[in-house]
1. Just in segment 174-209: which trypsin sites (Lys or Arg not before Pro) are loop by DSSP and have at most 10 other Cβ atoms within 10 Å?
2. Any idea which of 4, 274, 293 is furthest toward the positive side of the dipole for the chain, if Lys and Arg beta-carbons carry +1 and Asp and Glu beta-carbons -1?
3. Using the heavy atoms of the protein chains and a 1.4 angstrom probe, tell me the accessible area per residue for the chain in square angstrom.
4. At 222 nm, what value in deg cm²/dmol follows for the chain if DSSP H runs of at least 4 each add -39500 (n - 2.57) and the sum is divided by all its residues, to the nearest 500?
5. If you place +1 on the Cβ of every Lys and Arg and -1 on the Cβ of every Asp and Glu, how big does the dipole about the Cα centre of the chain come out, in debye to the nearest 20?
6. Where both residues lie in the chain, what percent of DSSP beta bridges are antiparallel, nearest 5?
7. Taking the chain on its own, what percent of its Cα-Cα pair distances exceed 29 Å?
8. Shape of segment 151-244 from its Cα gyration tensor (a ≥ b ≥ c, root eigenvalues): rounded if a/c is under 1.5, otherwise prolate when a/b > b/c, or oblate?
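The values are calculated or read from the model by the stated rules, or taken from the named source; none is laboratory data. Just so it is clear, the structure is predicted and the values come from calculations on it, not from any experiment. All Cβ positions, even for glycine, are placed from backbone atoms using ideal geometry, and neighbour counts span all protein chains on display. Note: accessible area is taken over every heavy atom of the protein model, side chains too, but ligands, DNA and RNA are not part of it. Shrake-Rupley method; radii C 1.70, N 1.55, O 1.52, S 1.80 Å.
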Amino acid sequence: MKRFSIALLPGDGIGMEVVPAARQVLESACGARRVGLEFTSYDWGSEYYFRHGVMMPVDALERLRQHDAILMGAVGHPDIPDHITLNGLLLPIRRGFDLYANVRPAYLYAGVKCPLVGYGPGSIDMVVVRENTEGEYAQAGGFLYHHMPGEVAVQTSIFTRAGVERIIRYGFELARRRRGHVTSITKSNAQGFGLVLWDRVFREVAGEYPDVGTASLLVDAAAMDFVRRPGAFDVVVASNLFGDILSDLSAMVTGSIGLAPSANLDPGRKAPSLFEPVHGSAPDIAGKGVANPMGTVLAAAMMMEHLGEAEIAAAMEAAVRNVLASGEGLTRDLGGEATTAEVAGELARRAK
Ligand code: GGG
């Protein structure tokens, strides 16, 4: 019997509800196919911060490294500044394990109401590939005259040729397994160094993939086209910040951010990759048992695919697809009244 060791990081807010829900579906899908999962749950996050003054212990990465993969919920708490929670938990894991490819699919499922007119099932099917270790998230900078009237803040984006090239190449390889088109997103008219390098590297790498179609858009035009003609996109490669923003948009045009999964991948497989829903901790609905667990279930399906268990991943994805198509038992973000536990139970039953 094959066995995998999975680290669970529920984190904050609804993360503590959607991760157990996804675990239930994983256990059902894997149990039915004789694949064993050994879970270790870590209570790191904002409550840990209130007790210890840090979001996770100093040896957190060493402990996570022992696992085959990490399933995370969300990070963020209304009583702690967001830069502390994010820089204390998620970003050190992404950087520490060099999880450079943040893969965020957006698919319009049957049964899901598209907020745009004229789009049917499958007519929006894109993947935002977000650079995940540098760019605008590099935390390079500082304050001068901190908290004084003449205060100055410097925030520098870091774009390395190696970092840009590897994420663009990942996008092209992914496009070859999909519909064969990559759109690169920058703002090189305004950001005249890092994103000019990005555009140049994109053209160079594109030259090695003559079978893949390409487009290059400024981020403002891309935002417009994600709404105006989202069906035109296949693979989208973007910097850390632009990819983060655009993947919230791609989630919403495909019905709900509660449905959006994401994989933080080390394609070289030296470290465990991390899987999470795109959504955050949603303090407004946390603790009410109404969060949509489907984004986390789909992220867990991506995890099983990454671990080589394509059949299990397909069963989990099919469970989500079939519940959505039935139009019943949906959470309130999708117009229903079901609870997180009810959705999880139904998905677990169908994923067997
Ligand atoms: N489930 C992921 C999560 O908690 N996201 C909140 C967030 O702010 N993430 C920032 C990011 O992905 O850059």
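1. Working: sites: 176, 177, 178, 179, 187, 200, 203; in loops: 177, 178, 179, 187.
Those that pass, being in a loop and sparsely packed, are 177.
2. My answer, from the dipole projection, is 4.
3. Values: 15050 Å² over 352 residues.
Ligands and nucleic acids excluded, the figure is 43 Å² per residue.
4. Numbers: 12 runs with 139 residues, N = 352.
Only helices count here, giving -12000 deg cm²/dmol.
5. On the way: 33 positive and 40 negative charges, 178 e Å.
I would put it at about 860 debye.
6. Numbers: 21 of 50 bridges.
Beta bridges within the chain, antiparallel portion: roughly 40 percent.
7. Numbers: 24368 of 61776 pairs.
Taking all Cα-Cα pairs of the chain, the fraction more than 29 Å apart is 39 percent.
8. Numbers: a/c = 2.23, a/b = 1.39, b/c = 1.61.
Because a/c hits 1.5 or more and a/b fails to exceed b/c, segment 151-244 counts as oblate.
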